[in-house]
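The block underneath contains the structure these notes are about, expressed in structure tokens.
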Amino acid sequence: MINYPQIDPVIFSIGPLSVRWYGLMYVLGFLASYILIKKDLKKDNPDYENDVDFLDNLITWVVVGVVVGGRLGYVIFYNPAYYLRHPLDIFATWDGGMAFHGGALGAITAGYIYSQIKKMDFWEWIDRCVVTVPIGLGFGRIGNFINGELYGRATDVPWAMIFPQGGMIPRHPSQLYEAFFEGFLLFVILWGLKRKKLPKGSMLAFFIIFYSFFRFIVEFFREPDAHLGFVFAFLSMGQMLSIAFMIMGMGLFYVRSGKKDLNNLR
């Protein structure tokens, strides 16, 4: 067994204001994505300045979409009964409760709306941006690990850890599994695929498919939410949502692959 590193979730505090590792991880994820996308835009791009202006505003829209969608996703998918009884708590995001699948839908919706407002090619931009998302996912899972939350199921593997919030039971450090598969490995896969001549929208489809596959597998090592348990046979809510997303990703790839015109190729 490996000792769980006791890291204070709060980096520093100034009066009532606290800067937390988890929040910093989100900032680092968005910053890394912005830098990579901006660097990619420089390559043989005569409209670089205009594209950067669009990117600056797009990031703002996406951040709002992630927060709103992530919160509503948690409320709807993970704890609707509680929030029906306590509707004002929906706004209490500082108490935690964000869902990736809701955040993904929120970000895609916000990006689509802003692209339509500015009359930009949504599929081209979503493909350009989505390949960098795993960076933020990896950082976010490290934030979960520091917080000691979303820990794994009980196990006797040599690298098991005892998480303070999980009782005196050795558990899988499933946050680190997710950081590797949904973060590092997914980024490597998407970054390699982006070099290929694929129909626009393919990178979004591949992101959804591979993320859903990795999430589905890792959920077998992650402790289900205490108030939900297994929602269908031996499957958790995260796995059920991942199945739905994987089907959506496959459907999107099928539809976008049917676009035969040369202008649709990147």
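Structural remarks
- The one condition in (1) touching a residue at least 24 places away in the same chain (Cβ under 8 Å); (2) under 30 Å from LEU41 (Cα atoms); (3) among the hydroxyl-bearing types (Ser, Thr, Tyr) that THR60 fails to fulfil: (1)
- Considered as a group, the residues in the range 225-256 that are out of contact with any strand residue (DSSP E or B) (no Cβ under 9 Å at 6 or more places or on another chain), closer than 22 Å to LEU176 by Cβ and not hydrophobic (A, V, I, L, M, F, W, C) include one that is surrounded by the most Cβ atoms within 10 Å (Cβ to Cβ), and that residue is SER242.
- Unique match (being touching a residue at least 24 places away in the same chain (Cβ under 8 Å), aromatic (Phe, Trp, Tyr), more than 16 Å from ILE108 (Cα to Cα) and buried (at least 16 other Cβ atoms within 10 Å of the Cβ)) among PHE213, PHE207: PHE213
- Here SER115 clears all of (1) in a helix (DSSP H, G or I); (2) farther than 16 Å from VAL67 by Cα; (3) out of contact with any Phe, Trp or Tyr (no Cβ under 6 Å at 6 or more places or on another chain) except the condition numbered (3).
- Matching residues, the range 84-107, being surrounded by fewer than 19 Cβ atoms within 10 Å (Cβ to Cβ) and in a helix (DSSP H, G or I): LEU84, ARG85, PRO87, LEU88, ASP89, ILE90, PHE91, THR93, TRP94, ASP95
Residues checked against (1) on the phi > 0 side of the Ramachandran plot; (2) aromatic (Phe, Trp, Tyr); (3) crowded, with 18+ Cβ neighbours inside 10 Å; (4) touching a residue at least 60 places away in the same chain (Cβ under 8 Å):
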| site | (1), (2), (3), (4) |
| --- | --- |
| ASP40 | no, no, no, yes |
| ASP47 | no, no, no, no |
| GLY69 | no, no, yes, no |
| ALA81 | no, no, no, no |
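- Pairs where the first residue, in the range 131-145, is farther than 18 Å from VAL188 by Cβ and assigned to a helix (DSSP H, G or I) and the second is modelled with pLDDT of 95 or more and among the small types (Gly, Ala, Ser), C-beta under 8 Å, 6+ apart: PHE145/ALA179
Let's see how each residue does on (1) aromatic (Phe, Trp, Tyr); (2) part of a helix (DSSP H, G or I); (3) under 15 Å from ALA110 (Cβ atoms):
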| position | (1), (2), (3) |
| --- | --- |
| GLY29 | no, yes, no |
| PRO46 | no, no, no |
| ASP51 | no, yes, no |
| ASP56 | no, yes, yes |
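- Every residue from the range 139-161 that is within 16 Å of ASN3 (Cβ to Cβ), surrounded by fewer than 16 Cβ atoms within 10 Å (Cβ to Cβ) and of a type in the set (A, V, I, L, M): VAL157
- Residue within the range 181-198 that is acidic (Asp, Glu) and touching a Leu at 6+ places or on another chain (Cβ under 7 Å) present: yes
- The single condition from (1) surrounded by fewer than 15 Cβ atoms within 10 Å (Cβ to Cβ); (2) closer than 22 Å to GLU223 by Cβ; (3) of a type in the set (Ser, Thr, Tyr) that THR60 fails is (2).
The values are calculated or read from the model by the stated rules, or taken from the named source; none is laboratory data. The model shown is predicted, which means the values in this text are computed figures rather than measured ones. Here Cβ is always computed from backbone atoms with ideal geometry, including for glycine, and neighbour counts include all displayed protein chains.
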